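Colleague: For reference, the structure I am asking about is given below.
The values are calculated or read from the model by the stated rules, or taken from the named source; none is laboratory data. If you're wondering where the values come from, they're calculated on a predicted model, not measured in any experiment. All Cβ positions, glycine included, derive from the backbone under ideal geometry; neighbour counts span all protein chains shown. Side chains are part of the model used for accessible areas, which takes the heavy atoms of the whole protein and leaves out ligands, DNA and RNA. Shrake-Rupley method; radii C 1.70, N 1.55, O 1.52, S 1.80 Å.
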Amino acid sequence: MTWVQDEAFSADQPFGPQTLPYGVVDGQIAVRLGDQALPLRPIAETFGEHADLVAADSLNPLLAAGRQAWTDVRARLIELTQAPTAPKGAALVPLGEPVLPFAVADYVDFYSSKYHAENVGRIFRPNDEPLLPNWTHLPVGYHGRAGTIVVSGTPVVRPHGQRRGQHGPTFGPSQRLDIEAEVGFVCGGPVTGRVPVSSAADHVFGVVLVNDWSSRDIQAWEYQPLGPFLGKSFATSVSAWVTPLDAFSAARVHTPPRDHAVLDYLVEDQPWGLDLLLQVDWNGTIVSRPRFADMFYSFAQQLAHMTVNGATVRPGDLFASGTVSGPERDKLGCFLEMSWGGRDKISLAGGEQRTFLEDDDTVRITATAPGPNGSVVGLAEVVGTVTPAS
């Protein structure tokens, strides 16, 4: 019997004792226990040599401490939260307003769903092969903007930009505002380049949900030949709680089979695909349930490719999977695909019809994974509401 009095703190609930995600509440590190939070500063002395890490005002010191510290702190949290009596000074508090729990250093976004890449290729380049020759050989990605990563719940202002017109470019608010349902990986450990796939777990602290908001009309005009820029950089939303990588031990799977071998530096010595089930809710209507197990490249392969040229990975770096899409319409991770470039209507509750986002629309992305002994591991939601162009 645990001292934690919260019905949502059970193994059949997403934020039970098998999950223990980290966030920041009232300016201090906290761990989510069901629908409440346990601030760690008042009980920091129970963590021994790691007391300073859990007493900090953000996750960055813990991220920098490395894998052994992450393992030790989680083991101690499991012990403390399963005890029959609370440690001295412990008190559960409301989750509070979401805040970004770490300072983002660099941000990289990948493009690792074969279904998504093929669909986008067919929509944007209908007369060409949907996949470019490099796609099945390397995790395609681009460097994004750390400064416009915002925490879940932050309003998203409709961006301005250039768009393709009949007689040259036009300028104004985006008319094709979209989402991308993604999974993000928060980095830590020593600063280094060339991280092999076998060392990925030493540099990935935990997992968040990501909505990489996208302006499809701005993107379509600007993306060739250098790829995403203003159509993506205006806002990227992330969860307020980081689920530790260790929580996904029962969710690890092999990536899908491929037609040819990858180069040696991308060969995994153990499976690092993750069996996550995402859910996309648009104004209260569930429009998609993408499966992360369908992703063509794992986060370990993405990290290995991101650093193979010597580029460093640092505590606070964030990289995202790219849109998570599957083979069926109800498993697609963006509205560009669901509407097939705006051709088809998407039905919402109350008879509303959409292709892309309108002002005041709200999108909520959630996800779960199988946990140990039949439990359920949760990823904190990422939600955002579109506000009119300023």
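Colleague: Which lysines have a Cα less than 17 Å from the Cα of K345, not counting those fewer than 8 places away in the same chain?
Modeller: Filter leaves K331.
Colleague: If amide hydrogens are placed 1.01 Å from N in the peptide plane, which non-local residues have theirs closer than 5 Å to the one on S288?
Modeller: Amide H neighbours of S288, under 5 Å, 5+ apart: V280.
Colleague: Which of rounded, prolate, oblate describes segment 207-276, given a ≥ b ≥ c as roots of the alpha-carbon gyration tensor eigenvalues and a/c under 1.5 marking rounded, otherwise prolate only if a/b is larger than b/c?
Modeller: It comes out oblate by the Cα gyration axes.
Colleague: Eigenvalues of the Cα gyration tensor times 5, then square-rooted: what semi-axes does that give for segment 79-119, in whole angstrom, largest first?
Modeller: 41, 17, 11
Colleague: Next question. Using the Karplus curve 6.51 cos²θ - 1.76 cosθ + 1.60 with θ = phi - 60°, work out ³J(HN,Hα) for each residue of segment 244-258 in order, rounded to whole Hz, and write x for Gly and Pro.
Modeller: Result, ordered by residue: x, 4, 4, 6, 9, 4, 8, 9, 6, 9, 6, 5, x, x, 10 Hz.
Colleague: Return the carbon/sulfur percentage of the accessible area of the chain, one whole number, probe 1.4 Å, all protein chains in place.
Modeller: Roughly 52 percent, rounded to a whole number.
Colleague: Then there's this: If you average the alpha carbon positions of segment 44-81 and of segment 319-355, how far apart do those two centres end up, in angstrom?
Modeller: 40 Å
Colleague: Would you please state which residues of segment 45-85 a label at D269 would reach in this model, taking the label point 7 Å out along Cα→Cβ and a backbone N cut-off of under 18 Å?
Modeller: 67-68
Colleague: Leaving out ligands and nucleic acids, note down the accessible area per residue over segment 336-390 with a 1.4 angstrom probe, in whole Å².
Modeller: 42 Å²
Colleague: Let me ask something else. In debye to the nearest 20, how big a dipole does the chain give about its Cα centre with +1 on each Lys and Arg Cβ and -1 on each Asp and Glu Cβ?
Modeller: That gives a dipole near 620 debye.
Colleague: Counting DSSP beta bridges with both partners in the chain, what percentage is antiparallel, nearest 5?
Modeller: DSSP beta bridges in the chain are roughly 90 percent antiparallel.
Colleague: Something else about it: In the neighborhood of D128, defined by Cβ-to-Cβ distances under 15 Å, what is the net charge if each Lys or Arg adds +1 and each Asp or Glu adds -1?
Modeller: The answer is 0.
Colleague: Amide H to amide H, which residues 5 or more places from V150 or on other chains are under 5 Å from it, using H placed in the peptide plane?
Modeller: Long-range HN contacts for V150: T236, S237, V238.
Colleague: Follow-up. Using only protein heavy atoms and a 1.4 Å probe, report how much of E268 is accessible, in Å² to the nearest 10.
Modeller: Counting only protein heavy atoms, E268 exposes about 50 Å² to solvent.
Colleague: Given H placed 1.01 Å from N in the peptide plane, which residues other than close sequence neighbours of F205 have an amide H under 5 Å from its amide H?
Modeller: V186, C187, G188
Colleague: Pairs of alpha-carbon atoms within less than 8 angstrom and 6+ residues apart define the contacts here; what relative contact order does segment 171-290 have, in percent?
Modeller: Contact order relative to length: 23 percent.
Colleague: Pop out the ³J(HN,Hα) list for segment 369-382 in order, Karplus 6.51 cos²θ - 1.76 cosθ + 1.60 with θ = phi - 60°, rounded to Hz; leave Gly and Pro as x.
Modeller: Per residue, the Karplus-derived 3J(HN,Hα) values read 9, x, x, x, 6, x, 7, 10, 9, x, 10, 5, 4, 10 Hz.
Colleague: Return the Rg/Rh value of the chain, two decimal places, where both radii are evaluated on C-alpha atoms and Rh is the Kirkwood radius.
Modeller: 0.97
Colleague: FRET efficiency for A11 and H137, Cβ-Cβ distance as r, R0 = 30 Å, nearest 0.05?
Modeller: Working from the Cβ atoms, E equals 0.15.
Colleague: How would segment 111-176 be classified by its alpha-carbon gyration tensor: rounded, prolate or oblate, with rounded meaning a/c under 1.5 and the a/b versus b/c comparison settling the rest?
Modeller: Taking the square roots of the gyration eigenvalues as a ≥ b ≥ c, segment 111-176 is oblate.
Colleague: Here's a follow-up. Tell me, what HN-Hα J-couplings in whole Hz come from the Karplus equation 6.51 cos²θ - 1.76 cosθ + 1.60 at θ = phi - 60° for each residue of segment 349-359, using x for Gly and Pro?
Modeller: 4, x, x, 5, 10, 9, 10, 10, 6, 9, 4
Colleague: Let me ask something else about it. Please report the relative contact order for the chain, taking Cα pairs under 8 Å with a sequence separation of at least 6, and give it as a percent rounded to a whole number.
Modeller: Answer for the chain is 22 percent.
Colleague: Another question about this same structure. Report the relative contact order of segment 316-357, percent, no decimals, based on alpha-carbon pairs under 8 angstrom and at least 6 residues apart.
Modeller: Computed value for segment 316-357: 24 percent relative contact order.
Colleague: To the nearest 500 deg cm²/dmol, what mean residue ellipticity at 222 nm is calculated for the chain from DSSP H runs of n ≥ 4 alone, each contributing -39,500 (n - 2.57), summed and divided by the residues?
Modeller: Counting only the DSSP helices, I get -4000 deg cm²/dmol.
Colleague: If you don't mind, another one. Measuring with a 1.4 Å probe in the full set of protein chains, what accessible area per residue, in whole Å², belongs to segment 1-61?
Modeller: Result: 41 Å² per residue.
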